[in-house]
Structure formats: structure tokens, C-alpha cells
Amino acid sequence: MTVPADSTVLAAVRRELPDTLYSCEQGFCGTCQQRVLEGEVDHRDELLTDGERDDSMLICVSRARGERLVLDM
């Protein structure tokens, strides 16, 4: 799916998968954490450790650094 520049990954995913869990929408709680299978992430959260950032992201605030991300939804 394509995520518009004025949208979050979470909002785009919830249009297709409305039961996707989330809570704070600010990158603090971790409820929306998803595993990243491919692509580079622009992390904008305040929660994940460096180790967690290697293979996951908070889809409420973080973005793709490149053209494509593949998530394990």
C-alpha cells in the first residue's frame, strides 16, 4: 500500500486492517510496534532501544527512509 506524505503508516494500515492495535499515537507506548522485514526506517519514537530499531518500528510516528518498507503484519 502507498502511504501519503500527510498520513502515518498506522492510518494507512488501519484503512486496510482496522483491527491493528494502537494507543497513544505519539511513539511512547509501543502498542503499534511492528516487525520490519525489509527497508530502512526513519525512527521518530521515544521508546525503542537501538536493538529493537534494527528490526521493528512504531508505525504511529516512524516513516520509511526510502521508497519501500515491508512489515510483518
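Which GluC sites (Glu not before Pro) in the chain pass both tests, a DSSP loop state and at most 13 other beta-carbon atoms within 10 Å?
Hits after loop and neighbour filter: GLU40, GLU46, GLU67.
Given axes a ≥ b ≥ c from the Cα gyration tensor, I'd like to know whether the range 1-43 is rounded (a/c under 1.5), prolate (a/b larger than b/c) or oblate.
rounded
Net charge near CYS24, counting Lys/Arg +1 and Asp/Glu -1 over other residues with Cβ under 12 Å of its Cβ?
-3
So what is the diffusion coefficient of the chain in µm² per second by Stokes-Einstein at 20 °C and 1.002 mPa s, using a Kirkwood Rh over Cα pairs?
177
Give me the net charge of LEU37's neighbourhood, meaning all other residues with Cβ under 14 Å from the Cβ of LEU37; Lys, Arg count +1, Asp, Glu -1.
Net of charged neighbours comes to -3.
Running a GNM on the chain with Cα contacts under 10 Å, which residue among CYS24, CYS60, CYS32 ends up with the highest mean-square fluctuation?
Top of the fluctuation ranking is CYS24.
No value in this document is a laboratory result; all are computed from the given coordinates. Everything numeric here is computed off the predicted structure, so don't read it as measured data. Don't worry about glycine lacking a Cβ; one is built from the backbone with ideal geometry, like all the others, and counts go over all protein chains shown.
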